[in-house]
Amino acid sequence: SQQGEEDPQALSIQEGENATMNCSYKTSINNLQWYRQNSGRGLVHLILIRSNEREKHSGRLRVTLDTSKKSSSLLITASRAADTASYFCATDGGALIFGKGTTLSVSS
Amino acid sequence: DTEVTQTPKHLVMGMTNKKSLKCEQHMGHRAMYWYKQKAKKPPELMFVYSYEKLSINESVPSRFSPECPNSSLLNLHLHALQPEDSALYLCASSQGPAMNTEAFFGQGTRLTVV
């Protein structure tokens with residue numbers, strides 16, 4: 001079962017630009033996580049934001065959470081070609097339940 | 001050591017074969033997971049083990065049989081699979097419940113059923 005829905009499904013930008021991905025979910029959460037997956041490989045944890053937090057930063061990443069709208073956003077600033085990957089939000093469901101993901105392509 | 005190691009990396013098996021996927025972690029994590037991922041889709045949860053006991057089975061067909069021999073190892077036994085079972089199988093582990101803490105993923109086993 002999937003809880004989260006990301007948009008856009010695909011995003012193409014130039015190096016140096018910012019990338020914003022959105023995630024909407026259906027049920028109440030304790031926290032929300034974002035993961036990154038390079039093509040055909042394992043997922044890497046990026047950031048965890050708790051339900052009582054509104055914003056969190058980690059390096060070039062900024063995550064926001066709006067529990068009233070059941071939505072979160074991931075902003076990657078000053079993107080690099082190496083940021084090319086799929087990005088998934090994940091919420092509680094007995095274990096991590098992943099959204100459909102956003103495929104980000106950063107060209108140099 | 002923050003690695004989750006999965007073997008083999010690639011597996012091709014016939015529909016009458018029996019094979020096993022293996023997953024190992026040495027981070028002392030007590031929760032381990034199997035996910036299945038089809039191309040261009042998100043990972044789908046299959047099984048959760050907590051303290052070496054199966055705690056979640058997401059209505060997975062019995063041709064997939066998980067096993068947790070000890071706190072560091074997780075196996076997925078495969079038998080009589082169908083071509084539609086071809087996918088990337090991902091193992092993950094976490095210190096506690098995955099929703100509350102970071103999960104570490106292996107690089108996956110790319111399974112092709114012929």
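The one condition from (1) within 14 Å of chain B (Cβ to nearest Cβ); (2) touching a residue at least 60 places away in the same chain (Cβ under 8 Å) that A:Ala85 does not meet is (2). Of the residues making up segment B:69-110, those that are without any contact (Cβ under 8 Å) to a residue 60 or more places away in the chain, surrounded by fewer than 23 Cβ atoms within 10 Å (Cβ to Cβ) and of a type in the set (A, V, I, L, M, F, W, C) number 4. Taking (1) touching a residue at least 40 places away in the same chain (Cβ under 8 Å); (2) among the β-branched types (Val, Ile, Thr); (3) in a loop (DSSP other than H, G, I, E, B); (4) within 12 Å of chain A (Cβ to nearest Cβ) in turn, B:Thr16 satisfies each apart from (4). If you check A:Ser28, A:Ser1 for being within 14 Å of another protein chain (Cβ to nearest Cβ), more than 19 Å from B:Ala92 (Cβ to Cβ), surrounded by fewer than 16 Cβ atoms within 10 Å (Cβ to Cβ) and modelled with pLDDT under 95, only one passes: A:Ser28.
Okay, residues lined up against (1) within 24 Å of A:Tyr35 (Cα to Cα); (2) hydroxyl-bearing (Ser, Thr, Tyr); (3) in contact with a His (Cβ under 6 Å, 6 or more places away or on another chain):
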residue	(1), (2), (3)
B:Glu3	yes, no, no
B:Pro8	yes, no, no
B:Lys19	no, no, no
B:His26	yes, no, no
B:Arg30	yes, no, no
B:Glu44	yes, no, no
B:Glu52	no, no, no
B:Ser71	no, yes, no
B:Gln82	no, no, no
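Considering only residues of segment A:8-25 that are surrounded by 15 or more Cβ atoms within 10 Å (Cβ to Cβ) and not β-branched (Val, Ile, Thr), which is farthest from B:Glu58 (Cα to Cα)? Selected residue: A:Ala19. Would you say A:Arg36 is under 18 Å from B:Glu102 (Cβ atoms), more than 10 Å from every other protein chain (Cβ to nearest Cβ) and in contact with a Leu (Cβ under 7 Å, 6 or more places away or on another chain)? The answer is yes for A:Arg36. Contact annotation: residue pairs with Cβ atoms under 6 Å, 6 or more positions apart or on different chains, pairing a residue in segment A:90-108 that is within 7 Å of another protein chain (Cβ to nearest Cβ) with a partner that is among the aliphatic types (A, V, I, L, M) and in a loop (DSSP other than H, G, I, E, B), are A:Asp92/A:Ile29; A:Asp92/B:Met99; A:Ala95/B:Ala98; A:Leu96/B:Ala98. Scanning for something buried (at least 18 other Cβ atoms within 10 Å of the Cβ) and either closer than 19 Å to B:Lys41 by Cα or within 11 Å of another protein chain (Cβ to nearest Cβ) (or both), does segment A:49-72 turn up at least one residue? Within segment A:49-72, not a single residue is buried (at least 18 other Cβ atoms within 10 Å of the Cβ) and either closer than 19 Å to B:Lys41 by Cα or within 11 Å of another protein chain (Cβ to nearest Cβ) (or both). Residues that are farther than 21 Å from B:Val113 by Cβ, aromatic (Phe, Trp, Tyr) and touching a residue at least 24 places away in the same chain (Cβ under 8 Å) were ranked within segment B:19-68; the one that is surrounded by the fewest Cβ atoms within 10 Å (Cβ to Cβ) is B:Tyr49. Residue under question is B:Leu11, and the condition is that it be buried (at least 19 other Cβ atoms within 10 Å of the Cβ), in contact (Cβ under 8 Å) with a residue 40 or more places away in the chain and on the phi < 0 side of the Ramachandran plot; does it hold? So B:Leu11 does not fit the description; no.
The values are calculated or read from the model by the stated rules, or taken from the named source; none is laboratory data. Bear in mind the structure is a predicted one, so any value in this text is a computation, not a measurement. Ideal geometry is used to build each Cβ from the backbone, glycine not excepted, and the neighbour counts take in all protein chains shown.
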